[in-house]
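Rule-based calculations on the coordinates, nothing more; no lab input. Since we're looking at a predicted model, the values are computed, not measured. With ideal geometry, Cβ positions are generated from the backbone for all residues, glycine too; neighbour counts draw on all protein chains shown.
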Amino acid sequence: MDRFTDKVAVVTGAAQGIGAATALRMAIEGAKVAVLDRNTPEATLEQIERAGGLARGYVCDVTDRASVQSVFEQLAAELGDPRILVNNAGITRDDLFFRLSEDDWNAVLSVNLTGVYHCSQVAQKYMVAQRYGKIVSLSSRSALGNRGQANYAAAKAGIQGLTATLAIELGQYNINVNAVAPGYIATAMTDATAERVGLSPEQLQQSVAERTPLGRVGRPEEVAAVIAFLASDEASYVSGQTLYVNGGAR
Ligand code: NDP
């Protein structure tokens, strides 16, 4: 498939995990990918180069409006005006609600929700001008509630409301806005969760697998495939939706 030939796609938090898999997938399908992360995304760029794709890396902290603004200006000058935005950057700072600190609340809301606001608002200007755009944001199964994740659940539920609203406001400009809500995907983020609860990644994965109808946890590539679908013209009449990618788990 070659669904993104010459389209400029911006993927945030793409130095590793789901973002890296998404950047690779889009590059393989012909996109010119702007790989954004707060750290230099060398490993992702090397993978894309090995696969024969075209990408450039940009250091960008999505919580910092000025950083987002200037990186978009730079990438638009170097690659072309962005047509696809994947709001993937995310963090967790888990704790039970009664002792959840304001710092941890603010940090999680700032990256996971305000970051989506910053990037989407900057990106939509380019998309409105082209009368074409796809915005896909990473929500989570945790949006439905998850012990120890009040901050993260609030941010990820916020993404679903933001997505539904942007779909209403931006539809007239031929911009589709959707969200993907993964269940447990094996990445550095979930490895850190395992460590916090005193389990090895394998032990936590085993316990999640037992509660998942498909009997296993997910892989970043499986989420990337759904993001790519929603960012493609195959999903041209899908907007304002949140698609759960969670192996059938409740
Ligand atoms: P990772 O932690 O593996 O990757 C997230 C990337 O985002 C990291 O490179 C991280 O950098 C970067 N990042 C963090 N803060 C910022 C920032 N302020 N600006 C730019 N980049 C930043 O996570 P996953 O790949 O697992 O998750 C990707 C997305 O999917 C997240 O939004 C996550 O919430 C969501 N998700 C993940 C699930 C899972 O099971 N893995 C399930 C449901 C949703 P650094 O390493 O420095 O923090």
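Quick rundown of the values:
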{"quantity": "Residue 96-residue 238 pseudo-label distance in nm [points 7 Å out on the Cα-to-Cβ vector]", "calculated": "3.9"}
{"quantity": "Full-extension gain in nm, residue 56 to residue 147, via 0.36 nm per residue minus C-alpha separation", "calculated": "28.9 nm"}
{"quantity": "Contact order normalised by residue count of the chain, Cα under 8 Å, 6+ apart, percent", "calculated": "18"}
{"quantity": "Helix-only CD estimate at 222 nm, as mean residue ellipticity for the chain, using -39500 (n - 2.57) per DSSP H run (n ≥ 4)", "calculated": "-14000 deg cm²/dmol"}
{"quantity": "Total formal charge among the other residues, if their Cβ is under 12 angstrom from that of residue 248, Lys/Arg +1 and Asp/Glu -1", "calculated": "+4"}
{"quantity": "Principal axis box of the range 8-77, alpha-carbon based, largest edge first, Å", "calculated": "32, 24, 15"}
{"quantity": "Cα Rg, Dmax (largest Cα-Cα span) when computed across the range 131-212, Å", "calculated": "15.9, 50"}
{"quantity": "Separation in nanometres of the label points that stand 7 Å from Cα toward Cβ, at residue 121 and residue 69", "calculated": "1.0"}
{"quantity": "Contour excess over end-to-end distance, with Cα ends at residue 216 and residue 107 and 0.36 nm allotted per residue", "calculated": "36.2 nm"}
{"quantity": "Relative exposure of 56, 250, 141, 25, judged by other C-beta atoms within 10 Å (fewest first)", "calculated": "250, 56, 141, 25"}
{"quantity": "Relative contact order (percent, whole number), the range 123-238, Cα cutoff 8 Å, 6+ residue spacing", "calculated": "27"}
{"quantity": "Over the range 177-250, relative contact order from alpha-carbon pairs under 8 Å, at least 6 apart, %", "calculated": "52"}
{"quantity": "Alpha carbon convex hull of the range 79-149, projected area averaged over orientations, nm²", "calculated": "5.6"}
{"quantity": "C-alpha center-to-center spacing [the range 114-177, the range 42-57] in angstrom", "calculated": "26"}
{"quantity": "Surrounding net charge for residue 26, when Lys and Arg each add one and Asp and Glu each subtract one, Cβ distance under 10 Å", "calculated": "+3"}
{"quantity": "Sequence of 8, 33, 238 once ranked by neighbouring C-beta atoms within 10 Å, starting from the fewest", "calculated": "238, 8, 33"}
{"quantity": "Ranking of 85, 214 by count of other Cβ atoms within 10 Å, fewest first", "calculated": "214, 85"}
{"quantity": "Expected-Rg normalisation [2.2 N^0.38 Å, Cα atoms] applied to the range 1-119", "calculated": "1.11"}
{"quantity": "Cα Rg over Rh - the chain, Kirkwood", "calculated": "0.95"}
